[in-house]
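**Student:** Below is a structure I'd like to ask you about.
The values are calculated or read from the model by the stated rules, or taken from the named source; none is laboratory data. Quantities reported herein were computed from a predicted structural model and do not represent experimental measurements. Quick reminder, even Gly has a Cβ in these numbers, built from the backbone with ideal geometry, and neighbours come from all protein chains shown.
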């Protein structure tokens, strides 16, 4: 699944840079989940629409290779391999249930008067563990909205409600693509609650907000990025199946200065096997909760998917024989809580104490904006990518 790891890094960082420009606060989304939905669209797309979807998923090198060979067989074989890798990835993710809960759920909601090809329905179930739900947008748009919202609630233990607000869907909708990501993780080594105390988190050099800052002194994977004047720390979850990586600039206002300098290749190199050193670290990480929602139609169009959401041009003839079928909504909702245990916990304020540092401890004090991402270590896939900049 090496391709999947490279793809989620490229796609995730490209999408993050777009969302980062549009959002002043926190950013949090799942590259792996969104790309699976794009894969579902690719499964039913044809012609120029399929070409655009492939370009987003494939690396530039792969895309050039397909262009040069220009043989339909090569394109089909490559596309089938992509669907197969998604199938293996989602199967592997579904096994991760012992020490944390990770749910990547995808669903297509289609207007019931449209005929969807059985071959497509079979394949989307096989490769993406998803199904197409017939709904009545034409005569019962609001009831369809409630049905979609109810499904989202059931997938997230009621953490995400009212994904679609009142009157947000109407009779013109033919297809809705929904991604739901839910994550509850348990740290391999928990933070001690008695060491959690209130500190200031600096939004910039002049503005701060109080946060509950967790503290832990332990051995972590660590890299100092001299050129960027930043640090990367890896924090494993139970069984080391997943890890959270934190990229913290030295300066309070340093994050925005380095975001455009970071490439997907950099992320892979910095966090790859043998690149990070095991170092004793004094880590201070704020408790935080991020829940975010995006309509991704515009950002994905900016990444090259103009035709995928264009009613006159979109070609989903592999999904439905109706030539007018087009995707008009592409929503993504994500939710994460980080606490001492690494899981959701009842809020509690504890007065802690400061530990005197020994000279050979690295300091990673996350009291100003930082990037974080959660990686599935076996596939090297970035499941979640975010920026925490405002408590």
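**Student:** For the range 354-369, check the following and say yes or no: at least one residue is at pLDDT below 80, more than 21 Å from the chain's Cα centre (by Cα), in a loop (DSSP other than H, G, I, E, B) and not assigned by TED's automatic domain parsing to the domain that holds residue 244.
**Tutor:** Checking the range 354-369: not a single residue is at pLDDT below 80, more than 21 Å from the chain's Cα centre (by Cα), in a loop (DSSP other than H, G, I, E, B) and not assigned by TED's automatic domain parsing to the domain that holds residue 244.
**Student:** So, one more: When you scan the range 153-254 for strands (runs of 3 or more DSSP E) that lie fully inside it, which ones turn up with 3 or more residues that are in the same structural domain as residue 135 (by TED's automatic domain parsing)? Explain how you work it out, then say what you get.
**Tutor:** On the way: elements: 175-184, 197-202, 208-225, 230-236, 242-249.
In the range 153-254, 175-184 are the strands (runs of 3 or more DSSP E) which contain 3 or more residues that are in the same structural domain as residue 135 (by TED's automatic domain parsing).
**Student:** If you take the residues in the range 110-139 that are part of a loop (DSSP other than H, G, I, E, B) and surrounded by fewer than 15 Cβ atoms within 10 Å (Cβ to Cβ), which one is nearest to the chain's Cα centre (by Cα)?
**Tutor:** Filtering the range 110-139 down to residues part of a loop (DSSP other than H, G, I, E, B) leaves 112-117, 129-131, 136-139.
In the following step, the residues that additionally are surrounded by fewer than 15 Cβ atoms within 10 Å (Cβ to Cβ) were identified as 113, 115, 131, 136, 139.
Values: 113: 33, 115: 31, 131: 21, 136: 30, 139: 34 Å.
Applying the filter and picking the extreme gives 131.
**Student:** Among the residues of the range 314-336, is any assigned by TED's automatic domain parsing to the domain that holds residue 48, exposed (fewer than 14 other Cβ atoms within 10 Å of the Cβ), within 20 Å of residue 108 (Cα to Cα) and modelled with pLDDT under 75?
**Tutor:** yes
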